[in-house]
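Enquirer: Let me give you the structure first, and then I'll get to my questions.
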């Protein structure tokens, strides 16, 4: 008998408040200690996204605005640093309304799991309408790329462990192409250059995907992960 993982509660994200151009996005956290994070590698991109003067240099107003966005979008730590996790989250927020704007994921009557390797995004749609909003993913690194093309979910194992990589945990695993699967990861999704081919997801997102999809659902993968 397989043990069942405890339910992982998804954080309630107020995405509307995180969209740039609103009063909330332009201001920082209403309370808390002074924001003192240094300039981050995605400083210019986040300044532009949040509607701040884009000069690529951190100042107290930038730090407070970035920290406010992190708090609203559920990025941890919410420290005002313009790092990869915050940048990737801003891309997800920007894409949530129309993730399939370029039409790369086919419109069909059944559920389709759509994976854009270029943008490192995953969503599920049915009849062309999202039924699972876009979330960030981590796909295969150079030399171990996630396979493109049309697939389907062939096996689901809720508390899977890797047969190849020292019994590494693969919670909420859903196989779609040989040994490649969607599954959750413990810890930082944005740590490292890529997976060994699987589509890694934040644990809460992998749990929601498990509850959304079923055996036989279509999977469409396209694009190219940056750096591969």
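The values are calculated or read from the model by the stated rules, or taken from the named source; none is laboratory data. Values in this document were obtained by computation on a predicted structure and should not be read as measured data. So basically every Cβ, Gly included, is an ideal-geometry build from the backbone, and we count neighbours across all protein chains shown.
Enquirer: State yes or no: is residue 149 surrounded by fewer than 19 Cβ atoms within 10 Å (Cβ to Cβ) and out of contact with any strand residue (DSSP E or B) (no Cβ under 8 Å at 6 or more places or on another chain)?
Expert: Against the criterion (surrounded by fewer than 19 Cβ atoms within 10 Å (Cβ to Cβ) and out of contact with any strand residue (DSSP E or B) (no Cβ under 8 Å at 6 or more places or on another chain)), residue 149 does not qualify.
Enquirer: Let me ask something else. How many residues are touching a helix residue (DSSP H, G or I) at 6+ places or on another chain (Cβ under 6 Å) and modelled with pLDDT of 95 or more if we restrict to region 71-85?
Expert: Number of matching residues: 3.
Enquirer: Might you let me know whether region 103-111 holds any residue that is touching a helix residue (DSSP H, G or I) at 6+ places or on another chain (Cβ under 9 Å), touching a residue at least 60 places away in the same chain (Cβ under 8 Å) and surrounded by 13 or more Cβ atoms within 10 Å (Cβ to Cβ)? Steps first, answer last, please.
Expert: If we filter region 103-111 for residues that are touching a helix residue (DSSP H, G or I) at 6+ places or on another chain (Cβ under 9 Å), which is where we start, we get 111.
Those still in the list that are touching a residue at least 60 places away in the same chain (Cβ under 8 Å) too: 111.
Those still in the list that are surrounded by 13 or more Cβ atoms within 10 Å (Cβ to Cβ) too: 111.
Yes: one or more hits.
Enquirer: On the given criteria, is residue 186 free of Cβ contacts under 8 Å to residues at least 24 places away in the same chain and either in contact with a helix residue (DSSP H, G or I) (Cβ under 6 Å, 6 or more places away or on another chain) or crowded, with 19+ Cβ neighbours inside 10 Å (or both)?
Expert: no
Enquirer: Farther than 18 Å from residue 89 by Cβ, over 15 Å from the mean Cα position of the chain (by Cα), crowded, with 20+ Cβ neighbours inside 10 Å and outside the structural domain of residue 85 (by TED's automatic domain parsing): does that describe residue 171?
Expert: yes
Enquirer: Follow-up question, since we're still on this one. Which condition from (1) surrounded by fewer than 20 Cβ atoms within 10 Å (Cβ to Cβ); (2) modelled with pLDDT of 90 or more is the one that residue 96 breaks?
Expert: (2)
Enquirer: Looking at (1) modelled with pLDDT of 95 or more; (2) more than 16 Å from the chain's Cα centre (by Cα); (3) surrounded by fewer than 21 Cβ atoms within 10 Å (Cβ to Cβ), which is the only condition residue 208 fails?
Expert: Going through (1) modelled with pLDDT of 95 or more; (2) more than 16 Å from the chain's Cα centre (by Cα); (3) surrounded by fewer than 21 Cβ atoms within 10 Å (Cβ to Cβ) one by one, residue 208 breaks only (2).
Enquirer: Please count how many residues of region 108-140 are in a loop (DSSP other than H, G, I, E, B), at pLDDT below 95 and over 14 Å from the mean Cα position of the chain (by Cα).
Expert: 5
Enquirer: Ok, one more. With respect to residue 76, is the statement that it is in a loop (DSSP other than H, G, I, E, B) and closer than 20 Å to residue 209 by Cβ true?
Expert: no
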